[in-house]
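Reading through the structure tokens given below for one structure.
The values are calculated or read from the model by the stated rules, or taken from the named source; none is laboratory data. These figures come from a predicted structure and were not determined experimentally. All Cβ positions, even for glycine, are placed from backbone atoms using ideal geometry, and neighbour counts span all protein chains on display.
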Amino acid sequence: MNTPIPALCRTQHKKVHGVYTVNLKPIGLLTFLFILGLFSGFQLFKPPQAVIPAQIGSITVHTDFLPAEYAGYSDIHRRVRLIVIHETDNFSPGADAQAHNTYLHSSKQADTALSWHYTVDDTEIYHHLPDEIAAYHASDGMRAKGGNESGIGIEICVNQDGDYQKAVDNAAQLVAYLLQNYKLDLDDVKQHYDFCGKDCPHRLRENDNWQNFLAQVEKYLAS
């Protein structure tokens, strides 16, 4: 049984003065549609452009990138696939986001392969590394699609003179912002623990704090 060929796919013939000629219009249309499909596919799989936020909600974001010559600046360009949550575990008074930014930029850190992208406290956020550059924060080397290679590292301050719950809320706003910009899902928010078994973020891992944190992120995603 012969299957009819759709009209769009048929090469049309026309007899003129006893000679058959070919109508190339359908072929040209198919070629155009093929090229359009390739372009659309490229745009679909193209990584979202990296962002440098100055403000998230009412929270000021300070951009102060590590010098490119520092060991913590990997210069490995990657696609953002994950958000990795940490806590600083530094309870000292004054150990806020600015203090951790100063620490990362100190000369003694120049030869240390340690870095993350954002530090969040109860009043502000510091942005230490471009989002498209892999950092050293998840303790898993540069494993393909792992925490370092694919994740944006976020440290939440736990200094005793700060408001920890407010810092967590600010982090939830940052995570929601990043998920939206990089077209990620809530399932892409991970703990440091997921990559090396370290009890981090320690306080968020207690009781149902992690689920409550994800619920906060979901609330900001919906707003």
**Report entry** the stretch 126-150, residues that are within 27 Å of ALA222 (Cβ to Cβ) and out of contact with any His (no Cβ under 8 Å at 6 or more places or on another chain)
**Finding:** SER150
Report task. Return a yes/no flag: does the stretch 139-148 have any residue that is closer than 22 Å to ALA50 by Cα, of a type in the set (Ser, Thr, Tyr) and touching a residue at least 24 places away in the same chain (Cβ under 8 Å). Result -> no
Requested in this report: Would you check which residues across the stretch 68-116 are touching a His at 6+ places or on another chain (Cβ under 7 Å) and either of a type in the set (S, T, N, Q) or over 15 Å from ILE154 (Cβ atoms) (or both) and list them?
Outcome: THR88, ASN101, SER115
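Taking ALA54 as the residue in question, decide whether it is surrounded by 14 or more Cβ atoms within 10 Å (Cβ to Cβ) and either of a type in the set (Gly, Ala, Ser) or over 20 Å from the mean Cα position of the chain (by Cα) (or both).
No, not satisfied.
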**Report entry** Of all residues making up the stretch 109-119, the number that are more than 15 Å from ILE52 (Cα to Cα) and either β-branched (Val, Ile, Thr) or crowded, with 20+ Cβ neighbours inside 10 Å (or both)
**Finding:** 2
**Report entry** Residues that are touching a strand residue (DSSP E or B) at 6+ places or on another chain (Cβ under 7 Å) and closer than 14 Å to THR63 by Cα, drawn from the stretch 129-151
**Finding:** ASP131
Query raised in the report: So which of ALA113, ALA134 ends up being over 17 Å from ILE83 (Cα atoms) and assigned by TED's automatic domain parsing to the domain that holds PRO93?
Result: ALA113
Query raised in the report: Cβ-Cβ below 6 Å, separation at least six or inter-chain, first residue in the stretch 193-219 and more than 19 Å from CYS157 (Cα to Cα) and assigned by TED's automatic domain parsing to the domain that holds VAL168, second among the aliphatic types (A, V, I, L, M) and surrounded by 16 or more Cβ atoms within 10 Å (Cβ to Cβ): which pairs?
Result: PHE195/ALA138
